[in-house]
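In what follows, a single structure is set out as structure tokens and then discussed.
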Amino acid sequence: MTAHTPEGTDTTDSGPIDRRALESGTMAQQMTPDPGPVDIRALAVAAATRAGRYLPGRSTTEDAIGACVVVEGLTEKILKLTINDGGDTRLGSTIEYTDAIFDRDGKEIGTSTSSAVVLGMAPHMWQFHRSTVELHDGGFESTGVIDATAMLRGMTQILQVAGTSGRYAGKAGYLTIAIADPTRKPPHYTTSFAVC
């Protein structure tokens, strides 16, 4: 049974998560895997270079890691996801979602409140994402364009990060996101980030 809110939001009897998001892990399992992981050390070098704290040819990877706040091995689990398209995803469709964020030990350490706009549908689905992340030790915003089709194939996507509070205030860098467990409904995501 599908219900529509006054804004035209498509929801289902599966609760606060759109049925298409619930099945996206099944789609990922059917696609040809093409993993593209990004090592956290490389992410730290990128963030330190952006901040002018890494000098190619003179600095080491350890220098970059030491100059940045580096957090890896986080898991995001969707709590709520709504696709605003009346049941027909197309250019300009919007997505609103809230994720819980867990550390390596499975302890919940924060939330991500996000939105996305579909920019293209074929041959890949491109989306612009914006997230406000609040963790126990500070917050940041992440933005960027992701290739959702590549993500379903196991490839890592990279977003820009701007620190807003706590230990991340005034820092900038990058965040990676990839599907961690496509067998879950909805799938779980793995994230890491480095800011300097």
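The values are calculated or read from the model by the stated rules, or taken from the named source; none is laboratory data. Keep in mind that this is a model prediction, so the values were computed, not measured. Neighbour counts run over all protein chains shown; Cβ positions are idealised from the backbone, glycine included. Please note that ligands, DNA and RNA were not included when accessible areas were found on the heavy atoms of the full protein model with its side chains. Shrake-Rupley method; radii C 1.70, N 1.55, O 1.52, S 1.80 Å.
Split the accessible area of the stretch 76-169 by element, probe 1.4 Å, and carbon with sulfur accounts for 53%.
Taking amide H positions as modeled 1.01 Å from N, with prolines and chain starts lacking one, the residues under 5 Å from K171 and 5 or more places away or on another chain are G163.
Normalised by the number of residues in the stretch 130-196, what is the relative contact order in percent for Cα pairs under 8 Å and 6+ residues apart?
Working: 141 pairs, mean separation 16.9, N = 67.
Rounded, it is 25 percent for the stretch 130-196.
Largest mean-square fluctuation among K80, K107, K185, in a Gaussian network model of the chain whose springs join Cα atoms under 10 Å apart, belongs to K107. The listed residues I65, I17 rank as I65, I17 when sorted by accessible area, largest first, using a 1.4 Å probe.
Across the protein chains, with a 1.4 Å probe defining accessible surface, the residues H124, H129 rank H124, H129 from largest area downward. Projecting label points 7 angstrom from Cα along Cα→Cβ for A169 and E96 puts them 2.9 nm apart. GNM on the chain, alpha-carbon springs under 10 angstrom: the most fluctuating residue among L91, L152, L43 is L91.
Remark: the stretch 160-175, residue by residue, has Karplus-estimated 3J(HN,Hα) of 7, 10, 10, x, 10, 7, x, 5, 9, 4, x, 9, 9, x, 9, 10 Hz, where x stands for each Gly or Pro and the curve is 6.51 cos²θ - 1.76 cosθ + 1.60 at θ = phi - 60°. Rolling a 1.4 Å probe over the protein chains gives T111 an accessible area of about 50 Å².
Consider all pairwise Cα distances in the stretch 61-196 and report the whole-number % of them above 23 Å.
Working: 2962 of 9180 pairs.
Percent of Cα pairs beyond 23 Å in the stretch 61-196: 32.
Here the Karplus curve 6.51 cos²θ - 1.76 cosθ + 1.60, taken at θ = phi - 60°, turns the phi angles of the stretch 119-126 into couplings of 9, x, 10, 9, x, 10, 8, 9 Hz, with x standing for Gly and Pro. Taking amide H atoms as placed 1.01 Å from N in the peptide plane, the amide H of G166 lies under 5 Å from those of G139, each 5 or more residues away in sequence or on another chain.
Between M121 and E62, what FRET efficiency follows from the Cβ-Cβ distance if R0 is 41 Å, with the result rounded to 0.05? Computed FRET efficiency for M121 and E62 comes out at 0.40. Here's how it looks for I109: its modeled amide H is under 5 Å from those of I101, F102, D103, which are all 5 or more places away or on a different chain.
For the chain, the solvent-accessible area of protein heavy atoms averages 50 Å² per residue (probe radius 1.4 Å; ligands and nucleic acids excluded).
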